[in-house]
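Step one of this worksheet: look at the structure below.
Please treat every number below as a calculation from the coordinates, not as lab data. Quantities reported herein were computed from a predicted structural model and do not represent experimental measurements.
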Amino acid sequence: KRDGGPAFPLGSGDIRDPMGMTLRDYFAGQALIFMSRMDFRLFADDGATINTKITASNAYELADAMLAERER
């Protein structure tokens, strides 16, 4: 799966150096911040309880859309 590469590259660029989180993970984290400002009932299965699987899936769906738009 395309992940956008490293979000915050570290080190010398040597393959043995840590590269940090992927851009996809960073975008998903930013999507979670966005969703936290929204009405979480949109991401709940019973209208009151947050369904973590749905929320995580939605965050990565948004991240994938951002990566696709970035490549366009």
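Non-local amide H neighbours of residue 22 (under 5 Å, H modeled in plane, Pro and chain starts lacking H): which ones?
HN-HN under 5 Å from residue 22: 7.
Each residue of the range 2-7 in order: what ³J(HN,Hα) in whole Hz does its phi give by Karplus 6.51 cos²θ - 1.76 cosθ + 1.60, θ = phi - 60°, with x for Gly and Pro?
For the range 2-7, the Karplus curve yields 5, 10, x, x, x, 6 Hz.
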